[in-house]
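Structure first, then comments.
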Amino acid sequence: MGQIEWAMWANEQALASGLILITGGIVATAGLFTQWYFGAYSIAAGVFVCLLEYPRGKRKKGSTMERCGQKHMTKVVKMLGPLSRNYYVRAFLHLGLSVPAGFLLATILGTACLFIASTIYLLAAFRGEQWIPIESKPKERPQVGTTIKQPPSNPPPRPPAEARKKPSEAEAEEGAAGGPTGGPQVNPVPVTDEVV
Amino acid sequence: NTTTELLATVAGATGLVITLALILIMTSSTELIRQASYELFWYTHHIFIIFFIGLAVHGVGRIVRGQTPESLLQHNVTFCRDRYTKWQTGTSCPVPQFSGKEPSAWKWILGPVVLHACERIIRFWRFQQEVVITKVVSHPCGVLELNMRKRNFKMAPGQYVLIQCPSISSLEWHPFTLTSAPQEDFFSVHIQAAGDWTGALCKVFGAEGPIPMESCILPRLAVDGPYGSALTDVFHYTVSVCIAAGIGATPFASLLKSLWYQCESEAHTELNKMYFYWICRDPGAFEWFADLLLSLETHLSEQGKAHFLSYHIFLTSWDENQAAYIALHWDEGTDVITGLRQKTSYGRPNWNKEFQQIACQHPSSNIGVFFCGPKALSKTLQRMCHLYSSADRRGVHFYYSDESI
């Protein structure tokens, strides 16, 4: 399992845990069980975890599929800086968040799932993984000047493109070789104009 | 405390454990994780053992109560439920008695568990069987072709096998589509090095080294299968459209080879016309099945059935040098990349146009569309099938099948 980025699985697990915490919390609060305030906490914690885990991190190798609409949350999570980048922080944060929900039966499943997500994040952090935001590359505007190539400086017959040196390289070689390719065509056989 | 009390019961503990197992299985089975690391998906999926044992044991505490069989004999439910006020001892409706119901989940899961156990036993038995590797070919773009033989191995075109290589990992079985035809005396798979296990397999078979290996030091392989897939239906339609992207052409290779043999033997199938679209990013990828397509092309034209197979190859990425080379050789009789008479097209296919043409040519037929490749293209093709199927029952209908694992 050399190529696995554990953070990917931890992310899926944490997102699922967040949803389970929300569901359990709704059941506990709506039913007004004893200590139902833990249920209310669970909803809040679940929402927070879902929002934090929604933007997928960028994989080290290969391309990553973004979750739809994750651009907005990526900006917010990025603002947290090293707190969001470091997986140790996430591991302990999830561990801490999962504890209060463990007091209520309706939300204990969320606790267990979030605890497992926290363990996987710890493993990811040990392996030195980091959360890198997926950012769209700024579109490079093609500059008008550079797309126009230099017209050929010598008349036909011309050698093929590989033998033809670029003008910038020719300038560098001027001193060294003083070769025939940069300047005007030097004919091997003297050519005379026979028009009388 | 409710939580500790309930978790101390068998039902509570098993309930929590099996729900947790199910969630772990679900999160490790998403498409992303499966593609990133098949091993993680494979190993985590085996938690289902805990799931089923927990499910069977879940009701042992008899917490759910039901009417006892003796009470059911004396108290007829359908009769007595409307006479609730008259329930008394001595009348025809004595007060019903309840006790804990015995666990019944095992009745539901016994059948599937037994079937799965049989499958595992068969897999173990097949693991013991000998597989002889007759040929190993290393193709460009990191594709390894393995030709093998096994006693009593019978296949149909389009099926797949599970392969295990004990020297790489003794617990992992990976699925690969068969690329040979049933009429051949060997079976073959084309494996692309796309992950840990496949990369290790290519290395172990010496795909990277220049020196060919001796047959005695080739690693042992175990093969389980063949298992069916939707592609076996290709020969049941009058018209079939087969679309492959990259290494997704492997299942169709088996079909095309089988077609070749069927032409030779003059076997009769319902299939009248086959369209084959192959979309590749790398020109080197065509080398995998170039000779197959070439021999099929010549063979069909010899037999006078040149109109039977209509294939289109699309190359979707090239650089300047390649483009210049292609442009230079544009007017030649055979295609410069594949050597086939049918010219390669450049860029992605215009599916609207293709489906429209096919629908016009076969106005009132059932057309099977088979695809193997990435999901985005699959969605596009499904949309096309819906768009170009006629609302009239007698008109043209496209039936879509997806092969991707």
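The values are calculated or read from the model by the stated rules, or taken from the named source; none is laboratory data. If you're wondering where the values come from, they're calculated on a predicted model, not measured in any experiment. Methodologically, a virtual Cβ is constructed for each residue, glycine included, from the backbone with ideal geometry; neighbour enumeration extends over all protein chains shown.
The table below lists the values:
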quantity	calculated
Scan of region B:223-248 for residues that are at pLDDT 85 or above and buried (at least 21 other Cβ atoms within 10 Å of the Cβ), ordered by number	B:Val223, B:Val234, B:Tyr237, B:Ser240, B:Val241, B:Cys242, B:Ile243, B:Ala244, B:Ala245
Within region B:1-53, helices (runs of 4 or more DSSP H) holding 2 or more residues that are at pLDDT 95 or above	B:10-27
The lone exception for B:Gly61 - which of (1) more than 13 Å from chain A (Cβ to nearest Cβ); (2) in a helix (DSSP H, G or I); (3) of a type outside the set (Val, Ile, Thr) it fails	(2)
Near pairs, Cβ below 7 angstrom, 6+ apart or cross-chain, from region A:1-29 (under 22 Å from A:Gly62 (Cβ atoms) and among the β-branched types (Val, Ile, Thr)) to any residue that is assigned to a helix (DSSP H, G or I) and modelled with pLDDT under 95	A:Ile4/B:Ala36; A:Ile4/B:Leu40
Residues of region B:112-151 satisfying the condition of being of a type in the set (Phe, Trp, Tyr) and surrounded by 11 or more Cβ atoms within 10 Å (Cβ to Cβ)	B:Phe124, B:Phe127
Failed criterion for B:His46 (all others in (1) under 20 Å from the mean Cα position of the chain (by Cα); (2) crowded, with 18+ Cβ neighbours inside 10 Å; (3) more than 8 Å from chain A (Cβ to nearest Cβ); (4) over 20 Å from A:Phe115 (Cβ atoms) hold)	(2)
Residue in region B:344-364 that is exposed (fewer than 13 other Cβ atoms within 10 Å of the Cβ), among the basic types (Lys, Arg) and assigned to a helix (DSSP H, G or I) present	yes
Restricting region B:261-306 to residues that are exposed (fewer than 15 other Cβ atoms within 10 Å of the Cβ) and among the small types (Gly, Ala, Ser), the residue that is modelled with the lowest pLDDT	B:Ala267
Matching residues, region A:72-105, being surrounded by fewer than 21 Cβ atoms within 10 Å (Cβ to Cβ) and either in contact with a Cys (Cβ under 9 Å, 6 or more places away or on another chain) or not in a helix (DSSP H, G or I) (or both)	A:Leu80, A:Gly81, A:Asn86, A:Gly102, A:Phe103
Selection status of A:Ser63, of a type in the set (Gly, Ala, Ser), closer than 15 Å to A:Phe115 by Cβ and within 14 Å of chain B (Cβ to nearest Cβ)	no
Region A:103-126, residues that are of a type in the set (Phe, Trp, Tyr) and more than 18 Å from A:Gly39 (Cβ to Cβ)	A:Phe115, A:Tyr121, A:Phe126
Some residue of region A:43-60 being out of contact with any Asp or Glu (no Cβ under 6 Å at 6 or more places or on another chain), at pLDDT below 85 and either in a helix (DSSP H, G or I) or surrounded by fewer than 14 Cβ atoms within 10 Å (Cβ to Cβ) (or both)	yes
Residues located in region B:326-343, provided they are charged (D, E, K, R) and surrounded by 15 or more Cβ atoms within 10 Å (Cβ to Cβ)	B:Asp335, B:Lys343
From A:Ile120, A:Ile108, A:Ile116, residue being buried (at least 18 other Cβ atoms within 10 Å of the Cβ), in a helix (DSSP H, G or I) and under 21 Å from the mean Cα position of the chain (by Cα)	A:Ile120
From the options B:Ser265, B:Ser310, residue that is closer than 20 Å to B:Met155 by Cβ and among the polar types (S, T, N, Q)	B:Ser265
Subset of region B:1-43 [at the interface with chain A (Cβ under 9 Å from one of its Cβ atoms), more than 30 Å from A:Phe33 (Cβ to Cβ) and not aromatic (Phe, Trp, Tyr)]	B:Ser28, B:Thr30, B:Glu31, B:Leu32, B:Ile33, B:Ala36, B:Ser37, B:Glu39, B:Leu40
Residue in region A:107-140 that is farthest from A:Pro55 (Cα to Cα), counting only those that are within 14 Å of chain B (Cβ to nearest Cβ) and at pLDDT below 90	A:Arg127
